[in-house]
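Data first, discussion second: the structure below is written as structure tokens.
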Amino acid sequence: MNRVIFTAIALLMALSSCQSPKVTVSGRFVGSDADMVYLEYASVLEQSIIDSVKLGEEGNFTLNIENATSTPSLYYVIYNNERIPLLLMQGDDVKINAVGNVARNYKVEGSEESELLQEFHQEYIGGVMKLRSIISKIADSSLSDEQHKSLAEEYTKSYLDIKRKQMNFIVSHKENIAAVYALHQRLPNDSYLFNGDSDVVYYRTVAEAIEGKYPESHYLPILRSQIARMTAQSSLLSQATQVNFPEIKMPNMYGQEIALSSLSGKVILLHFWSAAVGNGNTINADLKDIYNKYKEQGFEIYQVAIDTSKSTWINAIQEQQLPWISVSDMKGQASTALGEYNVQRLPANFLIDREGNIVAKDITGEKLEDAIKKHI
């Protein structure tokens, strides 16, 4: 009899320990005329609406997931064209409440991962909105050079602050799926998390921690694949022909990345400037005269714009009909290229000979032309 009772108790305990595959997301939204709420599942390849409901008279709603995964997966609650990211798993019973702007003001409870995600997401979205506001102001052609400079400095300060907080969140919560979400967020015009080659360190840190907490997570194989691809790319770059100057690889106005090293064998003028600064027209006019004289003899200009407004930069290229290679990472004073070449002020230039040696710095006019003729 005792054995039968023990077996029954053990069975009950086993059943009670199993999480229900269902998830409930409920709450209240007020302050908008929109009346529909949607729940979207975000997989790696696509997004799909899995539930929807009309708000009740007091703004209440309940959404359901019938077959949630055993580890957190990404979902979005969509209301009034705004998206709230959630990380949900079997057994979660989540409450969301918001007044007014949903994405900025929502409060989530009932899911550790979703609460962490709220902490990151709301601050990050606020930062992105601030950067976009600054960019729109910089695009105003009526502003003075001093005003443009002040806004560029404000953009750089805000950009670096957002990046610092993003990195801190990833490292502090590396064992959480919320860190995976943070890994994949990019600021306007950013291709990389931080600095391209060094990004793989953050991916490895998160993958190792996730393996300990969520070994069955479907995000783990994705992270491993990304790490393998980044490692392979880094290995290929290390096998490339070595040059005597720091490498730069940035996108042109069409988004095509062009490496400075791709010009090896030519005499290169590496030129740093800013389209937002008023002296660009005169400088570029002088460079065009020199470029047209020597381009057929193996001379090339690789011009790096230290700007944050893509529209201002592209307009300058088109209006001045710049014929050489023009690139920018749109990070302004936060551009890593400035540190690589220790550029303290703009404009600045470096003349690189056919062997890849930097043979002159910050020369213009006749001195620049004489140096080109010497090395052409």
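The values are calculated or read from the model by the stated rules, or taken from the named source; none is laboratory data. Keep in mind that this is a model prediction, so the values were computed, not measured. Note: ideal-geometry Cβ built from the backbone for every residue, glycine included; neighbour counts use all protein chains shown. Just so you know, the surface numbers come from the protein's heavy atoms only, side chains and all, with ligands and any DNA or RNA stripped out. Shrake-Rupley method; radii C 1.70, N 1.55, O 1.52, S 1.80 Å.
For the chain, the Kirkwood hydrodynamic radius comes to 24.4 Å, computed from all pairs of different C-alpha atoms. Angle check, please: helix 310-320 long axis (alpha carbons) against the longest principal axis of the chain (alpha carbons), in degrees 0 to 90, nearest 10. The angle comes out near 20 degrees. Would you mind calculating the relative contact order of segment 34-146 from Cα pairs under 8 angstrom and at least 6 residues apart, reporting the percent as a whole number? Result for segment 34-146 is 17 percent.
Convex hull volume per residue, computed on the Cα atoms of segment 92-251, equals 143 Å³.
Note on the chain: with neighbouring protein chains present and a 1.4 Å probe, carbon and sulfur make up 50 percent of its accessible heavy-atom surface. Label 7 Å along Cα→Cβ of Ile376; segment 248-263 residues with amide nitrogen under 20 Å? Inside the label zone: 263.
Subtracting the Cα-Cα distance of Glu123 and Ser150 from their residue separation scaled by 0.36 nm leaves 7.4 nm. Summing +1 for each Lys or Arg and -1 for each Asp or Glu among the other residues whose beta-carbon sits under 13 angstrom from that of Thr24 gives -3. Annotation: lysines with alpha-carbon distance below 16 angstrom to Lys149 (same-chain offsets under eight excluded): Lys137, Lys157, Lys310, Lys331. Taking the C-alpha atoms only, the angle from helix 280-294 to the longest principal axis of the chain is near 60 degrees. How tilted is helix 219-239 with respect to the longest principal axis of the chain? Cα atoms for both, answer in degrees (0 to 90, nearest 10). Once rounded, one gets 20 degrees. The relative contact order of segment 108-263 comes to 16 percent, based on Cα pairs under 8 Å that sit 6 or more residues apart.
Modelled spin labels at Glu319 and Glu211, positioned 7 Å past Cα toward Cβ, are 5.4 nm from each other.
The residues neighbouring Ile65, those whose beta-carbon lies less than 9 Å from its own, together hold a net charge of -2 under the Lys/Arg +1, Asp/Glu -1 convention.
Proximity of backbone amide H atoms, modeled 1.01 Å from N, is registered between Thr71 and Gln90 at under 5 Å, excluding neighbours fewer than 5 places apart on the same chain. Where does the charge balance sit around Gly298 when Lys and Arg score +1, Asp and Glu -1, over other residues with C-beta under 10 Å from its C-beta? Charge balance near Gly298 sits at +1.
If I take every Cα pair under 8 Å that is 6 or more residues apart in segment 81-139, average their sequence separation and divide by the length, what percent do I get for the relative contact order?
About 30 percent, as a whole number.
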